[in-house]
Each structure stands twice: as structure tokens, then as C-alpha cells.
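Encoded as C-alpha cells, the structure appears first; notes follow it.
The values are calculated or read from the model by the stated rules, or taken from the named source; none is laboratory data. Remember, predicted model here, so these are calculated numbers, not experimental data. All Cβ positions, even for glycine, are placed from backbone atoms using ideal geometry, and neighbour counts span all protein chains on display. SASA here: full protein model, heavy atoms, side chains in, ligands and nucleic acids out. Shrake-Rupley method; radii C 1.70, N 1.55, O 1.52, S 1.80 Å.
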Amino acid sequence: DKHIFNKKWIRLCKEVLKDNGTIWISGTMHNIYSIGMALEEEGFKIINNITWKKLNPPPNISCRAFVHSTETILWAMKDDKKFKHKFNYKLMRELNGNKQMKDVWETSLTKPSEKRCGKHPTQKPIELLEKIILSSTDENDLILDPFNGSGTTGIVASRLNRKYIGIEQEKEYLDLTIRRKESDKNE
């Protein structure tokens with residue numbers, strides 16, 4: 001069921017994705033392998049496999065496995081050689097001390113200040129979304145997040161002058177997004 005669901009929403013995203021657009025999907029070991037397979041089955045080519053190394057991962061309370069200190073972020077494009085995806089290589093190099101940026105990104109978990117309006121169980125840090133958005137979009141580009149959650153993608157998109165559409169089925173998370181957006185405006 002999980003794989004069928006992943007294929008369905010990825011297929012729907014592909015239908016609205018521009019030919020030179022890209023898709024970014026983060027996940028833990030619990031779903032990322034299905035996501036990778038679904039991307040390929042739905043006609044995507046994986047550009048990069050980013051490893052997000054969490055500098056302050058939560059402890060493993062059960063003490064029955066290693067601490068989960070990474071998350072995978074897949075960056076993919078439509079598998080069509082006629083089109084080139086956008087990659088702001090020069091900017092990413094500048095942001096990385098004039099060195100090529102690697103596919104292992106080290107950042108802390110979401111800061112408490114980013115959760116002051118409420119929290120979501122899979123909320124990502126603003127710093128992570130800034131890298132993603134800056135690397136593959138330009139000002140006024142449109143970003144779709146089919147799993148809006150706490151709205152981090154939208155907050156960052158707004159800060160970076162991008163257009164944004166977020167989809168969320170849980171009213172409590174839509175309300176959280178609105179609170180975060182209002183709070184962000186006032187800062």
C-alpha cells in the first residue's frame with residue numbers, strides 16, 4: 001500500500017512539474033527506498049542522493065538499534081534528455097566557501113525558535129530548505145509542496161521571493177502554517 005501511494009502522488013506531481021523542473025523528497029529509511037523506486041518507475045532520473053547528517057539527533061530510546069542520525073533527500077528530474085534541470089551551481093559554491101558543495105549536509109534539527117508557533121513531527125529546519133530552494137529555483141519560480149506539514153517550505157519560499165503552493169489535509173497543520181507565516185511577517 002505504501003508503494004502504491006508513493007507512486008500515485010509522485011505521478012500527480014510529475015503531471016504539473018515543468019519539463020526542466022525538479023522534485024525534492026526527504027525521507028527516513030522507513031520510506032525512502034520505496035520513494036526512490038517509485039521515482040524511477042514514474043519516469044524520473046535521480047540527480048543526487050543528499051544525506052542530511054543531523055548534528056543533534058534524538059537518542060534511540062529503545063536501545064535496540066543505532067541512533068538514526070541521517071535522513072535522505074532525493075533530488076530528481078523528469079527522465080527526458082531534451083531538458084536540462086536548473087542548478088544554481090555558482091551560488092551553491094559561493095555559499096560553501098568557494099568550494100563545490102558535497103552531497104552530505106550537516107545541520108542541527110529544527111531549532112526551538114522555529115517551533116514556537118507549534119510543531120510538526122517531521123518538521124525540517126529552515127536552513128535545510130534554504131539550500132534546497134536556492135540550489136534549484138530562481139526568484140518568482142513556483143514551488144509545490146504536496147505535504148505542507150508545518151509550512152517550512154512556504155516560509156522559506158516567501159523569504160526568498162518564490163511563489164508557493166502547499167497541500168495539507170490536516171487542519172491543525174494548516175493552522176500552524178498560518179501562525180508561522182504571520183509570525184514570520186512580524187519579524
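Here are a few things to note about the model shown:
- As for the stretch 90-110, it holds at least one residue that is surrounded by 12 or more Cβ atoms within 10 Å (Cβ to Cβ), in contact with a helix residue (DSSP H, G or I) (Cβ under 7 Å, 6 or more places away or on another chain) and assigned to a loop (DSSP other than H, G, I, E, B).
- Hey, residue 130 open to solvent by 30 Å² or more (accessible area, probe 1.4 Å), within 27 Å of residue 77 (Cβ to Cβ) and at pLDDT 95 or above or not: yes
- Among the criteria (1) farther than 24 Å from residue 14 by Cα; (2) aliphatic (A, V, I, L, M); (3) open to solvent by 30 Å² or more (accessible area, probe 1.4 Å), the one residue 144 does not fulfil is (1).
- Unmet criterion (only one of (1) touching a residue at least 40 places away in the same chain (Cβ under 8 Å); (2) surrounded by fewer than 17 Cβ atoms within 10 Å (Cβ to Cβ); (3) farther than 23 Å from residue 125 by Cα; (4) not aromatic (Phe, Trp, Tyr)) for residue 77: (2)
- Qualifying positions in the stretch 176-187 - open to solvent by less than 80 Å² (accessible area, probe 1.4 Å), in contact (Cβ under 8 Å) with a residue 40 or more places away in the chain and of a type outside the set (A, V, I, L, M, F, W, C): 180, 183
- Residues in the stretch 34-74 that are in contact with an Asp or Glu (Cβ under 7 Å, 6 or more places away or on another chain), without any contact (Cβ under 8 Å) to a residue 40 or more places away in the chain and among the charged types (D, E, K, R): 45 alone.
Conditions (1) in a loop (DSSP other than H, G, I, E, B); (2) more than 22 Å from residue 76 (Cβ to Cβ); (3) touching a residue at least 60 places away in the same chain (Cβ under 8 Å); (4) aromatic (Phe, Trp, Tyr), marked per residue:
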site: 144; (1), (2), (3), (4): no, no, yes, no
site: 147; (1), (2), (3), (4): yes, no, no, yes
site: 150; (1), (2), (3), (4): yes, yes, no, no
site: 157; (1), (2), (3), (4): no, no, no, no
